[in-house]
Ligand code: NAD
């Protein structure tokens, strides 16, 4: 069983395996090959991988060509997919909802592609939940990035020279990232409030010591979709929510937005007019920027400063915590791969009827097989 690990270093500092998981794959009966330099962004040297038993390969095409399993952080390019053996298992975060997702290429190459972000949120799959492992770190990092750009301090300080008030931080979207942002902001001494459209979020927000701010009408009470995800709210609800946010935001020093709806563009929650009400020196972080953004004027990969001196951070990425993120991501992948291996035969034994496999498998035997994206190729 040959396992190939691709480098994502052109786009992402994370890596899909670590020396720890390389050793574990060897114990499962796998032989790991890794593209040289793959761990550089996460602080893992090629030699560390070699010491763990991996074989170094100079380029992506050579690393995948004999592999039974290909591991990556993000979806591999078309050229790399076409270089895989038909029947090879390719596992990554595939971003399958994007129009340019390349599912046709994966199907016609005959690979079995798996999208880790489609892992069901069930107890058995918790150790494989990349959305949670990565969002948790993103939420933490958003607060660190905001505080680095903020020119005041976060905690209240009583000094001989006078009292410094605590910073006010507002977190929009209290899923995994938002809850970690709340916890981190609280640890740093800020006064924290948060909003979400899911009723279950209220108790979670309050249990972290933050104030919950939301329109709690009948639509809100019924807003949780299956799997615990948010629904897209009606225009009327969005208008009421915008009004509430508009009055709250002017009193905030830092706003962190994390609101997402699976498969839909991110809801616009903060307008230019709202940002205009914030004091100069205030900071906003848009963690949904890659999905179209929750904040008007945010730009992916950049910090935008408005004419009034408010900063909008669009470059708070998971790559800034690449070492920790890679550790957790690599363990998530290992947990999933280990369910597909028959250890007594040191070989692959995929149960195609397993819920974890069915939920994440995009393509197989030349077709797009996932019900959300299925279509036969011409
Ligand atoms: P997500 O990344 O899809 O979205 C982030 C948050 O934004 C969500 O809380 C969502 O409700 C919120 N949101 C969406 N539209 C909004 C709007 N207009 N205004 C304000 N907030 C808005 O969410 P996530 O972090 O992946 O979590 C989704 C759910 O899955 C949560 O209920 C979470 O507790 C649950 N979860 C379960 C497990 C498990 O059971 N293993 C693991 C992780 C998460």
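The distance separating the Cα centre of the range 21-59 from that of the range 266-287 comes to 43 Å.
What are the semi-axes of the equivalent ellipsoid for the range 33-105, taken as the square roots of 5 times the Cα gyration tensor eigenvalues, largest first, in whole Å?
Working: eigenvalues 113, 43, 18 Å².
After scaling each eigenvalue by five and taking roots: 24, 15, 9 Å.
Cβ crowding within 10 Å, taken as a proxy for footprinting-reagent exposure, orders 336, 373 from fewest neighbours to most as 373, 336. Here the sum of -39500 (n - 2.57) over DSSP H runs of 4 or more residues, divided by the residues of the chain, equals -9000 deg cm²/dmol at 222 nm, to the nearest 500.
For the chain, divide the Cα radius of gyration by the Kirkwood radius and give the resulting Rg/Rh value with two decimals. Present the calculation step by step, with values, prior to reporting the outcome.
Working: Rg = 22.3 Å, Rh = 22.0 Å.
Result: Rg/Rh = 1.01.
Modelled this way, with points 7 Å down the Cα-to-C-beta line, the labels at residue 268 and residue 104 are 3.1 nm from one another.
Rounded to the nearest 5, what % of the DSSP beta bridges within the range 225-329 are antiparallel ones? Don't skip to the answer; put the middle values down first.
Working: 3 of 11 bridges.
Restricted to the range 225-329, the bridges split so that about 25 percent are antiparallel.
Inter-label distance, residue 95 to residue 200: 2.8 nm, where each label sits 7 Å from its Cα along the C-beta direction.
Looking at the chain only, what percent of DSSP beta bridges run antiparallel? Nearest 5 please.
Numbers: 14 of 51 bridges.
Looking only at bridges with both residues in the chain, the antiparallel portion is about 25 percent.
Figure legend: label point modelled 7 angstrom from the Cα of residue 303 along Cα→Cβ; residues of the range 138-160 with amide N under 19 Å from it are 138-155.
When 151, 123, 317 are arranged by Cβ crowding within 10 Å, least crowded first, meaning fewest neighbours, the order is 123, 151, 317. As a ratio to 2.2 N^0.38 Å, the alpha-carbon radius of gyration for the range 312-378 is 1.55.
Computed FRET efficiency, Cβ-Cβ of residue 144 and residue 247, R0 22 Å: what is it to the nearest 0.05? About 0.20, to the nearest 0.05. Exposure proxy ranking for 256, 144, based on other Cβ atoms within 10 angstrom of each Cβ and starting from the fewest, stands as 144, 256.
Laboratory data are not the source of any read-out in this text; all were calculated from the coordinates shown. Given the structure is predicted, the values throughout are model-derived calculations rather than measurements. Counting neighbours? That spans all protein chains shown, and the Cβs are built from the backbone with ideal geometry, glycine included.
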